[in-house]
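Colleague: Structure below; questions to follow.
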Amino acid sequence: MLWITCPTCGRRPAEEYRFGGELRSIAAWITDPAERDVDYVWMSDNPEGMTIERWFHSAGCRRWLTLHRDTRTDSVVA
Amino acid sequence: MSDFIERRIALSWAEPKRTYDVVIIGGGGHGLATAYYLAARHGITDVVVLEAGYIGAGNSGRNTTIIRANYGIPEAVRFYQHSLELYQGLEDELDCSIMHTRKGLIWLAHTEPQLRAERARSLLNVACGAETVMITPEETKQLCPQLDLTGGGRYPVLGASYHPAAATARHDRVVWAYAQGAMRRGVHVVQHRKVTGLLRDGARITGVDTTAGPIHARVVLSAVGGNVSTVAAQAGVRLPIRSHPLQAFVTNFYTEAFQPIVSDTELLCYVSQTERGQMLIGAEYDAQPSYSLRSSFSFLQSSAAKVTHLFPFMRDLRILRQWTGICDISADFSPIMGATGVDGFLVTTGWGTWGFKAIPAGGEQMAQLIATGRTPPLLEPFSLDRFARDHTMADPGSTGTH
């Protein structure tokens, strides 16, 4: 079971939260602006390992937080 | 059941050569079906399927084995209806039992908007060549006497759409049958051979690196499930995919026959009975992307609560086994098949929670693309460049898991 620590509410089960996607970064190596937009809007890093993502504490304080998680073990690192 | 045990499958494993016409990464249903159709329909037998584990170890052996075509957009209905029809003839085509059983699928509506959505689905399905009709609560009860029409007082059944051609098949039999068909025609299938990288010549992909050395090829197809973003990144291809765990479980033996497959959009769960008499329950995929195959108690708890509202008899059953697969969920909940913009590198991916039913059509159409170099009409709507063109195939409501 995945537990997430909310800065406001403390350690709560993941079911209280809504996943909000990877923390987006703009692909600076893509030179064409239109292609860069497509990448930013649609594509995912989907890494096997460390990922930084946004979660919304929908059944708690209803604020967004940033989470560092390892997708190999599904464990929260920070 | 007896011919399942009696008729053995002839699998013969090969030592890979250094060069092939086609290398397929991933020995699941889609990879093996593509190899089979390349050999059977196009005479292309210089093909190797490389599997990191054993064939069918991924989602081909972890899904809930439902075959149906009642989708919500024309392109998907046509594609899955073609696949459903190929499944109906697959035992003859492959000369191998896959335990294909026609069951019919009931898609419940608990609210007026759902009722209207199911009517729209029925009309669209018929217009696109699939068979789906609206049924009343009484007709639903006749098809599935175990269903509580009051939904435990909480999820009353206002009606349903009914898709009579829906079926199930034994999932690992499908994998083995395609593997046998491909092997008999000279295709090489190699297990426990992990692809560690892709070979490049300029902008072109020219083969794969494996744990036992490189293999060169004219075409490399990724039929990978779960790790496709990693494989595609080695070709410089970025995908609109997140990999999420999907869990399912079976109960112990239920003594009465439970004929149909029952699916529910509001509750996000679906129920059928296996050939062994177990009740098989699936639900939505886990919210967070993950490559962990760990199952969770919270999934069991929430799914059991849902299905016992609809089927009170299940309160007396016990949970026998629970498992997890890693599903590549595409951004529009439709598959991604075909060219990637990189020469020599194709994908069949984004199979999310809907890949098993698509194995015959996906394999047949990908084989046609590889053999002819032209994208067949059934595949065109599902190309990767649809995201850049803003022609996505959004159909989350038809997945049954979202």
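Colleague: Quick check on the stretch A:3-76: what are the equivalent-ellipsoid semi-axes from the Cα gyration tensor, as sqrt(5λ), descending, whole Å?
Modeller: Over the Cα atoms of the stretch A:3-76, the semi-axes work out to 28, 14, 9 Å.
Colleague: Which ordering of B:Cys327, B:Cys128, B:Cys144 is given by a fewest-first count of other beta-carbon atoms within 10 Å?
Modeller: Ranked by crowding around the Cβ, least crowded first: B:Cys128, B:Cys144, B:Cys327.
Colleague: Can I ask one more? May I ask you to sort B:Lys357, B:Lys141 by Cβ crowding, counting other Cβ atoms within 10 Å and putting the fewest first?
Modeller: The most exposed by this proxy come first: B:Lys141, B:Lys357.
Colleague: Per DSSP H run of n ≥ 4, the term is -39500 (n - 2.57); total these for chain B, divide by its residue number, and report the mean residue ellipticity at 222 nm rounded to 500 deg cm²/dmol.
Modeller: Helices in chain B give a 222 nm mean residue ellipticity of -8500 deg cm²/dmol.
Colleague: Along the charge dipole of chain B, pointing to its positive end and built from +1/-1 on Cβ of Lys, Arg, Asp and Glu, which listed residue (B:Ser263, B:Thr349, B:Val190) has its Cα farthest out?
Modeller: Farthest along the dipole direction, towards plus: B:Val190.
Colleague: By a straight-distance test (C-alpha under 20 Å), which lysines pair with B:Lys306 as possible cross-link partners, with residues fewer than eight away in the same chain excluded?
Modeller: The qualifying lysines are B:Lys141.
Colleague: Can you pull out the cysteines in chain A that have no other Cys Cβ under 4.7 Å?
Modeller: A:Cys61
Colleague: From Cα pairs below 8 angstrom and at least 6 apart in sequence, can you work out the relative contact order of chain A, rounded to a whole percent?
Modeller: Details: 121 pairs, mean separation 23.5, N = 78.
The normalised contact order for chain A reaches 30 percent.
Colleague: Suppose each label sits 7 Å from its Cα in the direction of the beta carbon; what would the B:Ala371-B:Glu266 distance come out to in nanometres?
Modeller: 4.8
Colleague: B:His42 to B:Ala127: extension gain in nm, 0.36 nm per residue of separation minus the Cα-Cα distance?
Modeller: 27.4 nm
Colleague: Still on this structure, I have one more. Rounded to the nearest 20 Debye, what is the dipole magnitude of the stretch A:3-76 about its Cα centre when Lys and Arg each give +1 and Asp and Glu each give -1 at the C-beta?
Modeller: Details: 10 positive and 12 negative charges, 115 e Å.
Dipole size: approximately 560 debye.
Colleague: Put +1 on the Cβ of every Lys and Arg and -1 on every Asp and Glu Cβ in chain B; which of B:Ala35, B:Ser292, B:Thr101 then has its Cα farthest towards the positive end of the dipole?
Modeller: The residue sitting farthest along the positive end of the dipole is B:Ser292.
Colleague: Let me ask something else. Under the definition of Cα pairs under 8 Å and six or more residues apart, what whole-number percent is the relative contact order of chain B?
Modeller: 23
Colleague: If you take the Cα Rg of the protein assembly as shown and divide it by 2.2 N^0.38 Å, with N the number of residues, what do you get?
Modeller: Normalised by 2.2 N^0.38 Å, the Cα Rg of the protein assembly as shown equals 0.97.
All of the numbers you see were taken from the coordinates with simple rules; none came from a lab. The structure presented is a predicted model; accordingly, all values stated were derived computationally and were not measured. Cβ atoms come from the backbone with ideal geometry, glycine included; neighbour counts cover every protein chain shown.
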